[in-house]
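We did not get these values from a lab; they are worked out from the coordinates using the rules stated. Everything numeric here is computed off the predicted structure, so don't read it as measured data. Please note: Cβ atoms are built from the backbone with ideal geometry, for glycine as well, and neighbour counts cover all protein chains shown.
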């Protein structure tokens with residue numbers, strides 16, 4: 001059986017604005033991405049705290065409605081999403097495990113960067129996971145600080161990064 005990734009070319013990718021009808025599919029993508037793609041860099045306990053099986057849906061709704069959230073779709077299937085906050089922070093970047101290294105994240109980042117430039121932001125920031133750090137470095141972000149962050153009772157290493165626009 002062919003996977004979605006092998007049946008559909010990346011040329012059909014569309015970037016759309018988030019709406020609440022997408023939330024359930026986005027939460028599933030978030031959980032599956034963290035537990036598969038980030039598994040090489042984090043322990044099972046860390047993964048469970050970062051992406052619990054039953055996320056705080058109300059908190060996600062509030063967050064996604066507050067920020068600019070762009071969603072990558074192929075034939076009405078969500079393959080990625082990312083957020084930009086009011087203070088020019090790329091708050092998340094998640095891409096379906098079958099679409100890693102196919103430029104989905106790059107296209108989402110380009111969309112957020114364009115919005116940031118339209119708002120006259122001079123710099124973008126992010127706090128990248130161990131897994132995401134190489135992606136952001138490839139796209140011009142530089143590490144400003146290595147941080148140990150306590151999240152849901154587990155310690156994580158992440159990287160405070162920024163990019164001049």
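Just one of 137, 86 is assigned to a loop (DSSP other than H, G, I, E, B) and more than 21 Å from residue 28 (Cα to Cα); which is it?
The match here is 86.
Would you mind telling me which numbered condition in (1) within 24 Å of residue 22 (Cβ to Cβ); (2) in contact with a strand residue (DSSP E or B) (Cβ under 8 Å, 6 or more places away or on another chain) residue 144 fails?
Against the list (1) within 24 Å of residue 22 (Cβ to Cβ); (2) in contact with a strand residue (DSSP E or B) (Cβ under 8 Å, 6 or more places away or on another chain), residue 144 comes up short only on (1).
Could you list all residues from region 13-48 that are surrounded by fewer than 18 Cβ atoms within 10 Å (Cβ to Cβ) and over 21 Å from residue 108 (Cβ atoms)?
Passing the criteria: 39, 40, 43, 44, 45, 48.
Does any residue of region 33-45 turn out to be in a helix (DSSP H, G or I), without any contact (Cβ under 8 Å) to a residue 40 or more places away in the chain and within 16 Å of the chain's Cα centre (by Cα)?
Checking region 33-45: at least one residue is in a helix (DSSP H, G or I), without any contact (Cβ under 8 Å) to a residue 40 or more places away in the chain and within 16 Å of the chain's Cα centre (by Cα).
Counting just the residues of region 140-165 that are over 16 Å from the mean Cα position of the chain (by Cα) and outside any strand (DSSP E or B), which one comes out nearest to residue 37 (Cα to Cα)?
152
If the Cβ limit is 9 Å and pairs must be 6+ apart or interchain, which residue in region 99-119 that is touching a residue at least 12 places away in the same chain (Cβ under 8 Å) and on the phi > 0 side of the Ramachandran plot pairs with which residue that is surrounded by 14 or more Cβ atoms within 10 Å (Cβ to Cβ) and part of a helix (DSSP H, G or I)?
103/10
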